[in-house]
Amino acid sequence: MRANNSIKNNWSFIKLGLKDKYPQLSADDLTYVDGYENEFLHNLELKLGMNRVQLTTILYSLIPSESTENA
């Protein structure tokens, strides 16, 4: 499954929110590489002890509302 474009396009916001909420995540954990979305999200799932639905819910919650309105 490829990450939704709104996650990709808003990664800078999401990354900051994740770092604040989960300080145990390293810079490597938060490095988004285009084309490796599934592996990236799986790694975050393992690090945070979540399933994909829980993780994507958190990711979307970190996108500023004006960005989701224009997506």
Those residues of the stretch 34-49 which are in contact with a helix residue (DSSP H, G or I) (Cβ under 9 Å, 6 or more places away or on another chain) and open to solvent by less than 70 Å² (accessible area, probe 1.4 Å), in sequence order:
37, 41, 44, 45, 48
Out of (1) open to solvent by less than 80 Å² (accessible area, probe 1.4 Å); (2) at pLDDT 95 or above; (3) within 16 Å of residue 63 (Cβ to Cβ), what's the single condition that is false for residue 19?
(1)
Testing residue 7 on (1) modelled with pLDDT of 95 or more; (2) of a type in the set (A, V, I, L, M); (3) open to solvent by less than 90 Å² (accessible area, probe 1.4 Å), one condition comes back false. Which one is that?
(1)
Output the number of the condition that residue 53 fails; it satisfies all remaining conditions of (1) assigned to a loop (DSSP other than H, G, I, E, B); (2) at pLDDT 95 or above; (3) loosely packed, with under 10 Cβ neighbours inside 10 Å.
(1)
What number goes with the only condition from (1) part of a helix (DSSP H, G or I); (2) at pLDDT 95 or above that residue 68 does not pass?
(2)
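The values are calculated or read from the model by the stated rules, or taken from the named source; none is laboratory data. Keep in mind that this is a model prediction, so the values were computed, not measured. Reconstructed Cβ throughout: ideal geometry from the backbone, glycine too, with neighbour counts over all protein chains shown. Remember, those area values only see protein heavy atoms, side chains included, never the ligands or the DNA or RNA. Shrake-Rupley method; radii C 1.70, N 1.55, O 1.52, S 1.80 Å.
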